Each structure stands twice: as structure tokens, then as C-alpha cells.
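Colleague: Below: one structure in C-alpha cells.
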Amino acid sequence: MAKVHPDDAARPGVTGVEEEEHPKPAEATALTVWRKSLLFNCDGFTVFDASGGLAFRVDCYGTSGSRRRHAEAVVLMDAAGVPLITVRRRRLSLAEHWVVYDGDGGDGDDAPRPLLSVRRCHARLLRHAHSSSTSKQKALAHITSLSPALPGAYVVEGSYAQRSVAVRDAQGEAVAEMRRKESPVGDEVFRLVVSDPRRLGAPLAMGIVIALDEMFGGRTGGASAARSLLPRSWSM
């Protein structure tokens with residue numbers, strides 16, 4: 001299988017927030033994301049690091065039939081299968097709304113620890129407080145921190161169908177970007193670049209990608225259009 005890895009990367013923590021007495025300049029983390037599970041009869045994502053090694057994976061078993069109808073969440077795992085974050089859809093919401101939780105999302109005895117809220121923005125070509133004054137990119141979603149370790153709010157701009165997306169902070173600075181990548185499988189392979197992993201870790205950036213894929217992934221219209229990893233239902 002041909003390698004599809006990027007040029008450089010560094011494996012960050014889940015949140016990306018680090019405390020250092022003398023912080024060094026941040027180095028961007030670049031990952032290659034493949035909208036495909038490597039396991040048979042699974043749907044999901046496979047994420048490669050700079051050296052072409054497996055960094056993260058999403059493997060959703062039984063994504064059709066009764067198993068899919070009973071699915072509730074999408075789990076991002078490391079290469080060994082350890083849950084890093086869980087993306088759950090908020091059903092009782094006036095708009096499409098996803099919450100990113102730490103680890104397995106509290107499936108065991110521990111209470112779930114929410115990290116981020118990702119809410120779809122239905123307005124078109126908005127100018128808003130989280131964008132630079134000259135930005136006219138389409139606002140796709142608004143991101144709100146649900147953890148004291150992740151201060152601030154973000155806005156997602158661009159086009160998921162074109163794999164051209166930027167996650168911007170209140171000053172309009174891009175903290176993470178999706179970029180098109182030349183690939184024989186088309187838009188199913190793209191780059192994810194996290195400009196400062198100490199502010200937003202690569203796992204959380206992937207959580208945002210998963211939420212965007214649930215919102216817009218089935219609407220690309222081309223051969224690369226992907227099914228939702230979760231059962232689709234009407235928001236209330």
C-alpha cells in the first residue's frame with residue numbers, strides 16, 4: 001500500500017494544553033487522514049503520523065442494520081486501540097450539536113468529562129466576532145470549550161466537501177486546518193495541520209473533524225461522499 005503520510009509531525013496529548021516554565025516555540029503537527037477503517041466491515045478513519053505510522057483510528061463496527069441503529073458515539077483511539085476521545089451527538093438540540101468527551105465518554109463507572117461543544121452554524125457567509133474583519137468564509141460550526149483546561153471559543157470556516165477548513169480563534173488565527181492532498185483515492189485522504197498542539201491537541205482536532213464529517217460528510221455528492229458513522233435522526 002502506498003504511503004500517504006505528511007512531511008512532519010509530533011504526537012501531542014489529548015487536549016494539547018501544556019504548562020512550561022520556559023515554553024519553546026510551538027511546532028506544527030501535520031497528520032494525514034484517510035476516511036477509511038483498515039478493519040474489514042468497519043467504517044471510520046485512519047490517521048498517519050509524519051513517518052507513516054498509525055497515530056489514530058476510528059473503527060465503527062456494524063455501520064448498517066440494527067447495530068448501526070443502536071450506535072450512540074464515535075470513539076477516536078490511539079494505534080493500540082485505547083480510547084482518547086468520544087464524540088456524541090446531542091439529540092435534544094435545536095441545531096446539529098456534538099459534544100467531545102475525554103476518553104471513552106464515561107461508558108464505565110466514571111462520569112463523562114466534556115471537553116468541547118461543536119454546534120453547526122446554518123447561516124451563510126457570516127462575518128462574526130471569531131473571524132478576522134476581512135473574512136468572508138462560510139462559517140460551518142461554532143466550538144465552545146467545556147473544560148477549564150481549554151479556554152476560549154473557536155469558529156470553523158471553509159468547505160468540508162472541498163477539504164478546505166480552518167478552525168480559528170477569537171483573533172482570527174487558524175489553530176488547525178484541513179488541506180487537500182493529492183491522492184489516488186481523491187478527497188478521502190487529506191491533511192490535518194495543527195499549528196500549535198499546546199493550544200489544541202491533535203486528538204481534539206480529530207474530534208472536530210469527526211463532528212464535521214457527521215454534519216457534512218454525506219453531502220459531498222461525489223464518489224468520496226461518506227456515510228455517517230452514527231444513525232441519522234431528527235434534532236429536537
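Every number here is computed from the coordinates shown, using simple stated rules; none is lab data. Keep in mind that what you see is a predicted model, and the values were worked out from it rather than measured. Please note: Cβ atoms are built from the backbone with ideal geometry, for glycine as well, and neighbour counts cover all protein chains shown.
Colleague: Between Y61 and Q171, what's the calculated FRET efficiency when r is the beta-carbon distance and R0 is 30 Å? Round to 0.05.
Modeller: Numbers: r = 42 Å, r/R0 = 1.38.
Approximately 0.10, to the nearest 0.05.
Colleague: Subtract the Cα-Cα distance of D110 and S164 from 0.36 nm times their separation in residues, and report this length gain in nm to one decimal.
Modeller: Numbers: separation 54, 0.36 × 54 = 19.44 nm, distance 3.70 nm.
Taking D110 through S164 to full extension adds about 15.7 nm, to one decimal.
Colleague: Can you tell me the FRET efficiency between E182 and L54 if r is taken as the Cβ-Cβ distance and R0 is 30 Å, rounded to the nearest 0.05? Could you put the intermediate results ahead of the total?
Modeller: Values: r = 21 Å, r/R0 = 0.71.
Working from the Cβ atoms, E equals 0.90.
Colleague: With each label point set 7 Å from Cα along the Cα-Cβ vector, what nm distance links A28 and F40?
Modeller: Inter-label distance under the simple model: 4.0 nm.
Colleague: Let me ask another. Taking the highest mean first, how do the peptides 95-102, 36-43 order by number of other beta carbon atoms within 10 angstrom per residue?
Modeller: Details: 95-102: 21.4, 36-43: 14.2.
Listed from highest to lowest mean packing, they are 95-102, 36-43.
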